[in-house]
Amino acid sequence: PFNPANVQGDILVGLPKKVQHYLFFQIDDDVTAFRKRLHLLIPLITTTAQVQDDRAKIAANKKKAAELGKAPELLRLSGVNIAFSQFGLTKLGIKDDMGDTAFKSGQLNDTPNLGDAGTTVNNKFVPNWINAFKNQIHGVVIISGDCDLTVAATQATVLGIFNIGVRITLHEVLTLKGVVRPGDQKGHEHFGFLDGISQPAVKDFDTKPNPGQETVRQGVILCGREGDVVAGSKPEQPFVRPAWALDGSFLALRYLFQLVPEFDNFLKASADPTKDFTSDLLGARLVGRWKSGAPVDLFPLADNPDAGKDPLQNNNFRYDFPDDFKTQDRCPFAGHTRKTNPRNDLESLGFSTENRRIIRRGVQFGPELTHEEVSSGKTQHGRGLIFVAYCGSITNGFQFIQQSWANNPGFPIQKPITPGFDAIIGQNNQGPNGIGPRSMSGANPNNQNATLSLPTEWVVPKGGEYFFSPSIPALRDTFSL
Ligand code: N7H
């Protein structure tokens with residue numbers, strides 16, 4: 001039977017966070033010592049059941065504060081999760097084949113498929129990543145909390161467990177520090193759009209889906225559960241994952257920089273407010289939602305901030321309005337949400353999108369825009385999204401969405417229209433230095449056949465890796481000693 005206490009807390013519910021660190025590490029050569037220390041970490045790992053408790057505490061605290069008309073009490077809540085790459089499994093001596101080609105090759109080797117820019121050196125493609133991610137990373141510890149101090153304290157505890165005394169069992173490669181944006185931008189990514197709205201509901205776990213929220217079988221997110229489809233596995237000879245993979249999930253992490261003033265200026269330069277085609281409308285059509293979160297499929301002409309934040313309304317659409325089905329009147333085919341979850345564009349043709357669904361976590365990083373950046377229109381400080389997606393298969397889920405949908409100008413098939421690249425994350429690596437032109441159709445509602453040239457880069461990948469987030473029993477019985 002399924003027990004949420006066996007599943008790490010970031011997967012199905014999400015660790016509550018204002019600040020979140022991703023500590024990338026290598027395991028010391030004394031693997032036995034590492035595995036013993038890992039055993040001591042297990043009581044600190046936040047399970048799904050604990051996250052549910054923590055979230056209930058946060059909600060009760062908020063409610064009480066509202067009743068008393070006071071600021072909420074400070075709740076020092078912190079979470080810890082851990083995941084391993086293929087390099088990490090190999091280092092630990094875990095030889096089982098996980099049945100996922102993307103995971104097995106690692107993300108660095110997968111960059112030609114993902115379309116990241118880079119150069120070929122000695123016949124080997126090298127993406128424009130920071131050096132830390134060009135080394136072998138064995139795993140990542142995710143540490144979340146209500147503020148900087150809590151997270152720093154928990155990180156010190158985690159490092160203490162692995163490295164106290166004379167023995168170093170874990171080498172820190174890099175810690176990425178994410179922070180939720182301040183004030184009314186909380187929950188919004190750096191381009192300004194509310195994020196984290198549309199997630200699949202997981203069967204027999206998310207038992208009260210919101211209107212429009214699709215329920216997927218557990219195996220779409222958790223290995224070994226109903227609906228876990230191993231890509232490339234033949235029905236007559238089905239691939240069997242190792243038994244310890246049960247209730248674990250693959251984690252695709254991407255270190256994505258965003259060029260915010262450049263994005264804003266592009267919207268201004270490409271809009272035509274005299275014809276009701278404002279830069280806000282163009283931005284909304286590129287994303288598929290207004291900054292408030294309101295979907296353009298429901299609100300094609302003007303934002304509706306109340307609907308944007310209302311879970312009963314903000315996901316209740318399928319790109320299938322009878323009057324505009326198969327048109328871009330409401331949402332361009334290349335709009336980011338339509339590309340990455342095409343809903344009825346595929347389902348009306350009899351294609352299920354179930355095994356393409358992912359659960360998105362992750363967090364923003366970097367400061368707010370400075371006045372100088374706004375006035376110069378040029379990014380001077382690194383900021384963006386530490387993108388994290390959980391899925392039962394990287395090959396079916398994250399990799400497929402990026403490679404076969406976002407980067408594929410022909411998707412979704414809407415002859416004679418060529419939709420173009422996903423306006424936000426679509427990548428073209430066919431050009432000098434691995435960067436080719438990008439364009440899309442349907443951006444301008446008044447002239448939908450016009451092709452809009454997009455800047456080659458406004459979301460810039462600088463690193464990442466594929467990991468596996470094991471269940472608590474697997475951490476106890478297979479990973480640790
Ligand atoms: Fe995306 N953005 O701000 O423009 N994304 N995304 N994403 N994304 C979504 O519906 C964004 C990225 C998906 O079910 C929203 O929750 C940015 C990658 C999927 O309707 C916004 C970056 C991949 C969905 C953004 C980025 C995806 C989704 C609307 C990079 C996968 C759900 C909020 C910096 C390969 C679609 C919401 C659905 C939604 C933005 C990256 C996938 C605002 C800025 C790399 C599946």
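Distances between placed amide hydrogens fall under 5 Å for Gly178 paired with Gln20, His21, Tyr22, all partners being 5 or more residues away or on another chain.
In loop segments of region 197-252 as defined by DSSP, the GluC sites (Glu not before Pro) with at most 11 further C-beta atoms inside 10 Å of their C-beta are Glu236.
Whole-Hz Karplus values for region 12-29 come out as 8, 10, x, 5, x, 7, 10, 10, 8, 9, 10, 9, 8, 9, 10, 8, 5, 4 Hz, taken residue by residue from phi with 6.51 cos²θ - 1.76 cosθ + 1.60 and θ = phi - 60°; glycine and proline positions read x. Taken over the C-alpha atoms, the chain has Rg and Dmax values of 22.2, 70 angstrom. Averaging the Cα positions of each part gives two centres, and for region 232-254 and region 392-451 these lie 28 Å apart.
Go ahead and run the numbers for FRET between Ile58 and Asn123, Cβ-Cβ distance against an R0 of 41 Å, rounding to 0.05. For Ile58 and Asn123, the calculated efficiency is 0.20. For region 238-387, the equivalent ellipsoid built from the Cα gyration tensor has semi-axes of 31, 25, 13 Å, listed from largest to smallest. Can you give me the C-alpha center-to-center distance between region 86-124 and region 1-65, rounded to a whole angstrom? Their Cα centres are 26 Å away from one another.
Share of pairwise Cα-Cα distances greater than 29 Å in region 140-284 is 49 percent (whole percent). On region 1-65, 54 percent of the accessible area sits on carbon and sulfur atoms, based on a 1.4 Å probe. The charge dipole of the chain, taken about its Cα centre with unit charges on the Cβ of Lys, Arg, Asp and Glu (plus for the first two, minus for the last two), comes to roughly 620 debye. Using a simple spin-label model with pseudo-atoms 7 Å out from Cα toward Cβ, His171 and Thr32 lie 2.1 nm apart. Per-residue 3J(HN,Hα) values for region 115-122, derived from phi via the Karplus relation 6.51 cos²θ - 1.76 cosθ + 1.60 with θ = phi - 60°, read x, 5, 6, x, 10, 9, 10, 6 Hz in sequence order (x marks Gly and Pro). Under 5 Å from the amide H of Arg438 lie the amide H atoms of Leu454, each residue being 5 or more positions distant or on a separate chain, with H modelled from the backbone and absent for Pro and chain starts. Taking every alpha-carbon pair under 8 Å whose residues sit at least 6 apart, the chain reaches a relative contact order of 23 percent. Taking amide H as placed 1.01 Å from N in the peptide plane, Gly464 has its amide H under 5 Å from the amide H of Tyr255, each at least 5 places away in sequence or on another chain.
Remark: region 205-276 carries 49 Å² of accessible area per residue (probe radius 1.4 Å; ligands, DNA and RNA excluded). The mean sequence distance of close C-alpha pairs (under 8 Å, at least 6 residues apart), as a share of the length of region 245-324, puts its relative contact order at 15 percent. Here the contact order of region 67-168, divided by its residue count and restricted to Cα pairs under 8 Å and six or more residues apart, works out to 40 percent. Summarising the label geometry, the points placed 7 Å from Cα in the beta-carbon direction at Lys275 and Lys70 lie 5.8 nm from one another. Share of pairwise Cα-Cα distances greater than 16 Å in region 18-132 is 75 percent (whole percent). If every alpha-carbon in region 78-122 counts as one equal scatterer, what log10 I(q)/I(0) does Debye give at q = 0.24 1/Å? Result of the Debye calculation: -0.90.
Between Thr418 and Lys309, the simple label model (points 7 Å from Cα in the Cβ direction) yields a spacing of 4.3 nm.
Residue-wise HN-Hα couplings along region 51-66, as the Karplus relation 6.51 cos²θ - 1.76 cosθ + 1.60 with θ = phi - 60° gives them from phi, are 4, 4, 4, 4, 5, 5, 4, 4, 5, 5, 5, 5, 5, 4, 4, 5 Hz; Gly and Pro carry x.
The values are calculated or read from the model by the stated rules, or taken from the named source; none is laboratory data. A quick note: this is a predicted structure, and the numbers were derived from the prediction, not measured. Quick reminder, even Gly has a Cβ in these numbers, built from the backbone with ideal geometry, and neighbours come from all protein chains shown. Just so you know, the surface numbers come from the protein's heavy atoms only, side chains and all, with ligands and any DNA or RNA stripped out. Shrake-Rupley method; radii C 1.70, N 1.55, O 1.52, S 1.80 Å.
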